[in-house]
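Working notes, beginning with the structure itself.
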């Protein structure tokens, strides 16, 4: 190893090593991606219980289908797609998905400018507003606007056409703008 460089095995090398029988490679892949994938599961499902079940299903699927990875996308994108699909499958199986009601009015008129709860309140308001969207629009908006994926990458993850992602994002953003309009005056 030379000075100033880090000798880290790539994701594809870890996946190939796991397929070849190295169990430690799967553990390293898990350790490397678990926090990011957990955040995706929480955002997609909207609650910890469903996220736990979906992430477990996703890791089982990753374990079982590791040998089918085709390298047409990065390993992290492939993992992301599996987690999102596991979450969506989980939500489809649950007929009565619990949602939180929107707060009809919030004010920050008497808030202290040094009070950081305003940002937390805004995050909660946005999270609640996302619950109002249909799942297909929410998934597209979360992937593109929150996770920063391109329309093409989001389309690949959701297994729909790029134009479908664009229209879902557009409709979802319009609904979010209506629901969150009250924040414009307060902040």
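The values are calculated or read from the model by the stated rules, or taken from the named source; none is laboratory data. Quantities reported herein were computed from a predicted structural model and do not represent experimental measurements. Cβ sites come from the backbone with ideal geometry, for glycine too, and all protein chains shown count toward neighbours.
Here are a few things to note about the model shown:
- Within the range 15-48, the residues that satisfy the criterion of being touching a residue at least 40 places away in the same chain (Cβ under 8 Å), surrounded by 16 or more Cβ atoms within 10 Å (Cβ to Cβ) and either in a helix (DSSP H, G or I) or touching a strand residue (DSSP E or B) at 6+ places or on another chain (Cβ under 6 Å) (or both) are 15, 18, 26, 29, 33, 37, 40, 41, 43, 44, 45.
- Qualifying residue in the range 179-186 (condition: surrounded by fewer than 17 Cβ atoms within 10 Å (Cβ to Cβ), in a helix (DSSP H, G or I) and at pLDDT 70 or above): yes
- Positions within the range 49-95 being outside any helix (DSSP H, G or I) and under 18 Å from the mean Cα position of the chain (by Cα), in sequence order: 73, 74
- In the range 151-170, the condition of being closer than 16 Å to residue 42 by Cα, in a helix (DSSP H, G or I) and modelled with pLDDT under 90 is met by no residue.
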